[in-house]
Structures are given as structure tokens and as C-alpha cells.
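Right, one structure below, let's go through it.
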Amino acid sequence: MSALPAFDTHAYVKRLRAVGFNEAQAEAQAELQSEVLSSLVTEKLSTKEDITELRNSTKHDMLELRNEVKNDISELRNEVKNDISELRNEVKNDISELRHELKNDIAALKSETHQEIIHIMGKFNQLNWMIGFLLTGVVTILFKLFLHS
């Protein structure tokens, strides 16, 4: 702080003397008042230089904070992109595995169904032969009954 406000101790002493203070009291009071004002100015009040320094410091801190936030956002963006990429790959792999499992299941089901159809058709053929032999027997018996009578 470069400039202290002027305190006219001589005028202060004259005023105190005018209201009844003696010379020693007025001098002591003026000296004490000067110290209080000087202390107040040097310890409590801010100067234009102080405010300018604070403003510059604050600007600097804000710029640093801005850069830190930009870097944090950039890092977060990259992390999110990586996470999304990993998730995409995992989902693709899961879909591929599921597709493969479904193809295998469908192939197994087709095979089982085909075997069951063959089995059922074999039963139908067997039944067809049995019915055929049965009809042949019935027709033979009917012919014998009607022809030998």
C-alpha cells in the first residue's frame, strides 16, 4: 500500500484544545488517533493494487480451472467412448453366440423331428401292412364263405 490518507494531527490537536483538552492530552489523543487510522489503513483496507492483484489471480485460477474441467471432460468423453465400444463388442459377441446356439438348437430339433417323422412313417407302414394282411384274410374268409356255400 503506497498512499495513506492524510491525517492532520495539528488541526486535530487545535480542535481538542478548543474543547478543553490540555496540550499533553491533545497531543496524546492525536498521536493515538493517527496510529489507529494508520493501522486500519495498512491492515484492513484494500488498495486498487490489492484489488487488481486479486482480480488477476482470480482470472488465472479460473483459467486453470477451465483447463482442468476441459481435460476432465475430454477424459470422460474418451472413457465413455471406450465403454460404449466395449459394450458394443460384448453385445455383438453375445448375439453371435446366441445365433450359433439357436442354429444348433434348430438343427437338433430338425434332426429329432425328422427322426420322429421317419419313426412314425415306419409305424404307419407297419400298420398299413397289418391292415393289408388283415383285409386279405378277411377277403379270403369272405370268399370261402360265399364261394363254398
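Count of segment 36-74 residues, restricted to those that are more than 29 Å from PHE7 (Cβ to Cβ) and among the aliphatic types (A, V, I, L, M), is 5.
Filtering segment 77-99 for residues that are polar (S, T, N, Q) and either in contact with a His (Cβ under 6 Å, 6 or more places away or on another chain) or within 30 Å of THR9 (Cα to Cα) (or both) leaves an empty set.
If you go through segment 30-48 one residue at a time, do you hit one that is assigned to a helix (DSSP H, G or I), farther than 30 Å from VAL13 by Cβ and either at pLDDT below 95 or touching a helix residue (DSSP H, G or I) at 6+ places or on another chain (Cβ under 6 Å) (or both)? Checking segment 30-48: at least one residue is assigned to a helix (DSSP H, G or I), farther than 30 Å from VAL13 by Cβ and either at pLDDT below 95 or touching a helix residue (DSSP H, G or I) at 6+ places or on another chain (Cβ under 6 Å) (or both). LEU145: loosely packed, with under 10 Cβ neighbours inside 10 Å and assigned to a helix (DSSP H, G or I), yes or no? Yes, satisfied.
The values are calculated or read from the model by the stated rules, or taken from the named source; none is laboratory data. On a predicted model such as this, the values are computed, not experimentally measured, just so you know. Backbone-built Cβ (ideal geometry, glycine too); neighbour counts: all protein chains shown.
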